[in-house]
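A.B. asks: Sharing a structure here in structure tokens format.
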């Protein structure tokens, strides 16, 4: 038997098409909205820095934050500098001596240099400066932020605007990450660990520089003239 197709009025076809579109519309829109939300969430997650508080040991020196250390881990000499960003003597050491040590010893594989935060309680802003420096280090911006803090020490010591000093050398997106890290306080234990290590010597003033070579430790409190330090470093590096 041959089946007959019934005639469907055009008006009914149009109504069915419109109805189908209306039913599908919300689902499609919901799907697009969900995709957009997932994309936005993924983008936001990618912007958030992944923090690590894991420390390493180099040359017998333990509990080193690798983001606050520079040079080759196989260097014959390890140097720790316990420093306070609000300390004028620390500023002098950093600007006049440490930068030359970086160029001539750290970058040439002779010294592994470790920055230890040792904010003194007498300084109102040294603690927050250490927090911002540590946060910047964990997004790969340690050197420019340390330089900015020491070079502008007089300014932020007077007005307390540590954040503004840090922001002046970072992009807006970098500063957003640094702010989030500081607010989270996740890296504060690393600063406290530096202070605890300093007390084992014990450190009575900043800066204090501790030299480690061939199983021997040589602490020195105060600033160091580069020419005098160079002679000492050459002796340490040359030892077998």
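Quick note: the coordinates plus some simple rules give every number you see, no bench work behind them. Everything quoted here is computed from the prediction, not taken from an experiment. Virtual Cβ from ideal backbone geometry, glycine too; neighbours counted across all protein chains shown.
A.B. asks: Can you tell me how the stretch 77-119 classifies by the Cα gyration tensor, rounded, prolate or oblate, using a/c under 1.5 as the rounded cut?
C.D. replies: oblate
A.B. asks: Which distance in nm do the two modelled labels at residue 143 and residue 50 give, with both placed 7 Å along the Cα-to-Cβ direction?
C.D. replies: The answer from the label model is 2.4 nm.
A.B. asks: Stretch residue 73-residue 204 to full length: gain in nm at 0.36 nm per residue minus the Cα-Cα span?
C.D. replies: The residue 73-residue 204 span can extend by a further 44.3 nm.
A.B. asks: Report the full-extension gain for the segment residue 217 to residue 57: residue separation times 0.36 nm, less the Cα-Cα distance, to one decimal in nm.
C.D. replies: Value of the extension gain: 56.1 nm.
A.B. asks: Could you give the distance between the Cα centres of the stretch 171-240 and the stretch 112-166, to the whole Å?
C.D. replies: 13 Å
A.B. asks: Roughly how many nanometres apart are two label points built 7 Å out from the Cα toward the Cβ at residue 104 and residue 120?
C.D. replies: 2.8 nm
A.B. asks: Continuing with the same structure: Could you work out how far apart the two model spin labels at residue 227 and residue 159 are, taking each label as a point 7 Å from the Cα in the direction of the beta carbon, and quote it in nm?
C.D. replies: 3.9 nm
A.B. asks: Just check the stretch 56-238 against the gyration tensor rule for me: Cα atoms, a ≥ b ≥ c as the square roots of the eigenvalues, rounded for a/c under 1.5, and otherwise prolate or oblate depending on whether a/b exceeds b/c.
C.D. replies: prolate
A.B. asks: Related question: If you stretched the chain out fully between residue 184 and residue 196, how much longer would it get, using 0.36 nm times the residue separation minus the C-alpha to C-alpha distance?
C.D. replies: The residue 184-residue 196 span can extend by a further 2.2 nm.
A.B. asks: Then there is this: Is the shape of the stretch 47-104 rounded, prolate or oblate, going by the alpha carbon gyration tensor and its root eigenvalues a ≥ b ≥ c, with a/c under 1.5 for rounded and a/b larger than b/c for prolate?
C.D. replies: Note, shape of the stretch 47-104 comes out oblate.
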